[in-house]
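Colleague: Dumping the structure here so I can ask a few things about it.
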Amino acid sequence: MRMFVAAVPPPEVLEDLEEFLSVRREAGGFRWTLPEQWHVTLAFLAEVPDRTYDDLVDRLGRAARKRRPMRAAVVGGGAFPNVGRARVLWAGVELDAGQPEGTEELRRLATGCRAAASKAGIEVAGERFKPHLTLARMSRPIEATRWVRLLDAYRGPDFAIDEIALIASHLGEGPRKRPRYEVRERFALGG
């Protein structure tokens, strides 16, 4: 099963970002992601065998309990791999009013989730952790400076990251052949 571990902003945060983007969507010609699928990926698990699922759930629960809840906001944005040859447009996530220790706490949470999966025998994608919400994908690289500047003007409402979710991704089963996400487990942060 294809899965990922994520922090999912509450609906009012997603609605605020959607309202900001909605009047601009037609101009881009991008393949926009759906607001109900916006999340901060902490660990991507391309294949979770059934036999490892229970161990994964136990280990993720322990990893979540070791981290404290934090405050966050969706702020600014960027592009992967870079603005000049963008394939992905993203919105940034600022932790604890931009304090370095907030970002470090989220990075530690991501590291703990990746370690939990690895110890359960699951291969984990190893990209450098960059907290973000994927907004759009491009079929070919584009120059995205104006889109990143537009996102730099955005700051959403603050919200709490007080839980993480283990989410199954069912490829091609969503609207317009997009993935369908199914929350399988939730884990509260803190003791």
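A short reminder: the numbers here are calculations on the coordinates, not readings from a lab. Just so it is clear, the structure is predicted and the values come from calculations on it, not from any experiment. Don't worry about glycine lacking a Cβ; one is built from the backbone with ideal geometry, like all the others, and counts go over all protein chains shown.
Colleague: At 0.36 nm per residue, and after removing the present C-alpha to C-alpha distance, how many nm does the segment from ASP158 to ALA125 gain when stretched out fully?
Modeller: Details: separation 33, 0.36 × 33 = 11.88 nm, distance 2.89 nm.
Working it through step by step, the gained length comes to 9.0 nm.
Colleague: Compute the orientation-averaged projected area for the chain from the convex hull of its Cα atoms and round it to one decimal in nm². If you can, show how the numbers build up before the last one.
Modeller: Values: hull surface 41.8 nm².
Averaged projected hull area, Cα only: 10.4 nm².
Colleague: Give me the percent relative contact order of region 3-188, please, defined on Cα pairs under 8 angstrom at least 6 residues apart.
Modeller: Details: 361 pairs, mean separation 61.0, N = 186.
Reported as a whole number, the value is 33 percent.
Colleague: Okay, next question. Pull out the extension gain between GLU173 and GLU47, defined as 0.36 nm times the separation in residues minus the alpha carbon to alpha carbon distance; nm, one decimal. Could you put the intermediate results ahead of the total?
Modeller: Working: separation 126, 0.36 × 126 = 45.36 nm, distance 1.72 nm.
Gain in length upon complete extension: 43.6 nm.
Colleague: Roughly what angle does helix 53-65 make with the longest principal axis of the chain, taking Cα atoms, 0 to 90 degrees, to the nearest 10?
Modeller: Roughly 70 degrees, rounded to the nearest 10.
Colleague: Return the lysines within reach of LYS66: Cα separation strictly under 17 angstrom, same-chain partners fewer than 8 residues apart disregarded; answer none if there are no such residues.
Modeller: LYS119
Colleague: Would you please put 157-167, 109-119 in order of how densely packed they are, using the mean number of other Cβ atoms within 10 angstrom per residue and starting with the highest? Could you put the intermediate results ahead of the total?
Modeller: Working: 157-167: 18.5, 109-119: 21.1.
So the peptides 157-167, 109-119, ranked by packing, come out 109-119, 157-167.
Colleague: So what's the net charge close to LYS130: Lys and Arg +1, Asp and Glu -1, counting the other residues with Cβ under 13 Å from its Cβ?
Modeller: Numbers: positive: ARG107, ARG128; negative: GLU94, GLU127.
Around LYS130, the charge tally is 0.
Colleague: Rule-of-thumb check for region 95-141: C-alpha Rg over 2.2 N^0.38 Å?
Modeller: Values: Rg = 13.9 Å, N = 47, 2.2 N^0.38 = 9.5 Å.
In units of the 2.2 N^0.38 Å rule of thumb, it is 1.47.
Colleague: Per-residue counts of other Cβ atoms within 10 Å, averaged by peptide: what ranking do you get for 33-46, 69-82, 127-140, highest first?
Modeller: 33-46, 69-82, 127-140
Colleague: Along Cα→Cβ, 7 Å out, is where each label goes; now give me the distance between the ones at LEU34 and SER118 in nm to one decimal.
Modeller: Between LEU34 and SER118, the label points sit 3.4 nm apart.
Colleague: If packing is taken as the average count of other Cβ atoms within 10 Å, what order do 141-147, 182-188 fall into, highest mean first? Kindly include the intermediate steps, with their values, before the conclusion.
Modeller: Details: 141-147: 16.3, 182-188: 14.4.
Final packing ranking: 141-147, 182-188.
Colleague: For the chain, what is the mean residue ellipticity at 222 nm derived from helices alone (per DSSP H run of n ≥ 4: -39500 (n - 2.57); sum divided by total residues; nearest 500 deg cm²/dmol)?
Modeller: Details: 5 runs with 57 residues, N = 191.
Theoretical 222 nm ellipticity from helices: -9000 deg cm²/dmol.
Colleague: Then there's this: Could you compute the FRET efficiency for ARG71 and ARG186, with r as their C-beta to C-beta distance and R0 at 25 Å, rounded to 0.05?
Modeller: On the way: r = 19 Å, r/R0 = 0.76.
The computed FRET efficiency comes out at 0.85.
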